[in-house]
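Here, each number is a calculation from the coordinates, and none is a lab measurement. Computed from a predicted structure; not experimentally measured. In this analysis, Cβ positions are derived from the backbone assuming ideal geometry, glycine residues included, and neighbour counts consider all displayed protein chains.
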Amino acid sequence: MAGMAGRYGEMDYGSLTKGGVAVGAVLFAVGAVAELTVGAGGGISPTLDAAFLTMEFFGPLIALLSVLVFGIAMPLTE
């Protein structure tokens, strides 16, 4: 039966995986570049420093989890 929706509906796992990796990469890149450029000036507040560090931490985590969830787990359980 062609065209049947899967368990999770009509989800394009490839696009979701690529989008998640892209969001994670952008988060990491923005956090790293901002921390390097703003931090090099010396006038960075602790709040901004924590925000940039959090972006650097969660960027790769989001990229990895999107691959595991949308690229591996959900297609296998459908």
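Counting every other Cβ atom within 10 Å of each residue's Cβ, 10, 78 order from fewest to most as 10, 78.
Here the Karplus curve 6.51 cos²θ - 1.76 cosθ + 1.60, taken at θ = phi - 60°, turns the phi angles of the stretch 15-30 into couplings of 5, 5, 5, 5, x, x, 5, 5, 4, x, 5, 5, 4, 5, 5, 5 Hz, with x standing for Gly and Pro.
Amide H contacts of residue 11 (H built 1.01 Å from N, in plane; Pro and chain starts excluded): 6 sit under 5 Å, all sequence-distant by 5 or more or on other chains. Label-to-label distance, residue 78 versus residue 7, with points set 7 angstrom from Cα along the beta-carbon direction: 1.1 nm. For the chain, the longest principal axis of the alpha carbon atoms and the long axis of helix 46-66 meet at an angle near 20°. Sequence-distant contacts, meaning Cα pairs under 8 Å at least 6 residues apart, place the relative contact order of the chain at 47 percent.
Considering only Cα atoms, the convex hull volume of the chain works out to 77 Å³ per residue.
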